[in-house]
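Have a look at the structure below, then the notes.
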Amino acid sequence: MAERLSAREIVALVTDDFTPLPAPVAGHRSPDGPLGWAGYGAARARAAARTGEEESVVCGRAVIGGTAAVVLAFEFGFLGGSLGTRTGDLLEAAHEYAREQRLPVVPLVATGGSRMQEGMRALVQLQRVARQSALTRAAGLPQIAVVRDPTTGGGWATLGAGADVVLALPGAQVGFAGSRVRPPDADPAAYTAEAQVAAGAADAVVRPEELRETLALWLALLDRPSPRPAPPPPAPLGRTAGLPATGWEAVARARSLERPRAEAYLDAYFTRRAAIGGDRCGGTDPGMLCGFGEHEGRTVAYAAQDGTATRPAGYRTAARLIRLAGRLGIPVLTLVDTPGAANDAEAERQGAGGAIADLFEAVATARTPVTTLVIGEGGSGGALALAAPGNTWATPDSYFSVIAPELAAAILKRPEDQVRATADQLRVRPQDLVDLGIVRGITGPASPRPPG
């Protein structure tokens, strides 16, 4: 079990400065709540005396690493951090303040869910919280949640899982079903922070001593809209001089194990960066690197294929990244490098076609500029889905093809010794792609002048 910090302890851990927001004026309420639950008023009084808080959440304006934000810190010691009508009042007022002041929102969540003593009046607070979160999202303000121990029930399904970025403390109990309502044979390991990251429902597990620095980085990156102009493509990192003479040489260069991969390009392009992980649908793909980084003083989002066949979760994660960047006014860089979409039976069961279609749509309707660089293999529609129409560039050691030359030869019923000739016919070289109008230009000193 993770260490359970109080609301004030977690606030002190992550903020440089914190000022509580004034609580909204409460209307008349029965001492024992809307249901007249006998002893509820006394239980609230004991919780207040024990914790020093008047409710299960403490809301305030804070500074984290130099960035101002609205912090929503839950106090689990107050009736299990449960959400009641007064909790809803405080959360609504905090979101309204965040929108008025144009501040990001940082929920520090530790809750067992809705408050039993208020019945359905407590449960419908989830609708209220979800609406406030949606309004804040529509206003273009980031929400970065930290899920603590425990985060279950509606608090996880709204304030936690509904955030743009979800960080989790190690060993925290995280899941929709709390420990007292799960099936008796349920695997407890499935309800942990680590399991939620593995399933793509949270982005990262962060140790308490690293939490302030991590939040500061995320806030610095996301609270900085800079949509135009489009980010420049990265400089080529390959050591091969000149352009490939044949189509097959282009393919061989792109497949070389010595060619720089996405991590090298991201490290060279960004001075600092933070990664998101997972598609929020139960999947992850380590071959699709997504996140936000700082390039020449401004934030750029990135989605980069890392040379493997891209899984459905990878396409969904990239689509999530592009849409989030659009909401926050942040331009996008994509790096294409894949032999193609994963085509095994499990990929089909995971909805490969739908995931690719969703990414095509996300790129086509992107609200901020997208720049693409093909750094290696550009294999068919599985690569094209990540490419920006009209703003795609290529490195000298890359190729782009309707399909891999070997597969093209097989489809055309050509013998194996015709594969290299097929590569030439497909015109897959970077310079061919420029001539065909597929890419704007080739990065590096070997570049022909881009059209226009």
Between region 190-235 and region 110-166, how far is it from one alpha carbon centroid to the other, in angstrom? 19
Please report the antiparallel percentage of the DSSP beta bridges confined to region 289-436, to the nearest 5. 30
Looking at the chain, send over the antiparallel percent of its DSSP beta bridges, to the nearest 5. 45
With R₀ set to 35 angstrom, the calculated FRET efficiency between the beta-carbons of residue 50 and residue 139, to the nearest 0.05, is 0.45
Using a basic spin-label model with each label point 7 Å from the Cα along Cα→Cβ, how many nm lie between residue 37 and residue 402? 6.6
For region 152-257, run through the trypsin sites (Lys or Arg not before Pro) and keep only the ones in DSSP coil with at most 12 other Cβ atoms within 10 Å of their Cβ. 180, 239
Given points 7 Å out from each Cα along the Cα-Cβ axis, report the residue 12 to residue 187 separation in nanometres with one decimal. 3.9
Using 0.36 nm times the number of residues separating residue 68 and residue 323, minus their current alpha carbon distance, what extension gain do you get? 89.4 nm
Tell me the relative contact order for the chain as a rounded percent, counting alpha carbon contacts under 8 Å between residues six or more apart. 11
Got a sec? Which residues in region 333-370 would a label at residue 411 touch, if it sits 7 Å along Cα→Cβ and we count backbone N under 14 Å? 340-341
Ranked from highest to lowest mean number of other Cβ atoms within 10 Å per residue, what is the order of the peptides 131-140, 307-316, 168-177? 307-316, 168-177, 131-140
Of (1) 22.8; (2) 23.9; (3) 21.4, which is the value of mean projected area of the Cα convex hull in nm² derived from the coordinates here? (2)
About the Cα centre of the chain, how large is the charge dipole given +1 on each Lys and Arg Cβ and -1 on each Asp and Glu Cβ? Please answer in debye to the nearest 20. 900
Spacing of the two label points (7 Å from each Cα toward its C-beta) at residue 435 and residue 102, in nm: 5.0
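Where a number appears in this text, it was derived from the coordinates with a stated rule and is not lab data. As the structure is a prediction and not an experimental result, all values here were calculated from the model. FYI the Cβ positions are ideal-geometry reconstructions off the backbone, even for glycines, and counts take in every protein chain you see.
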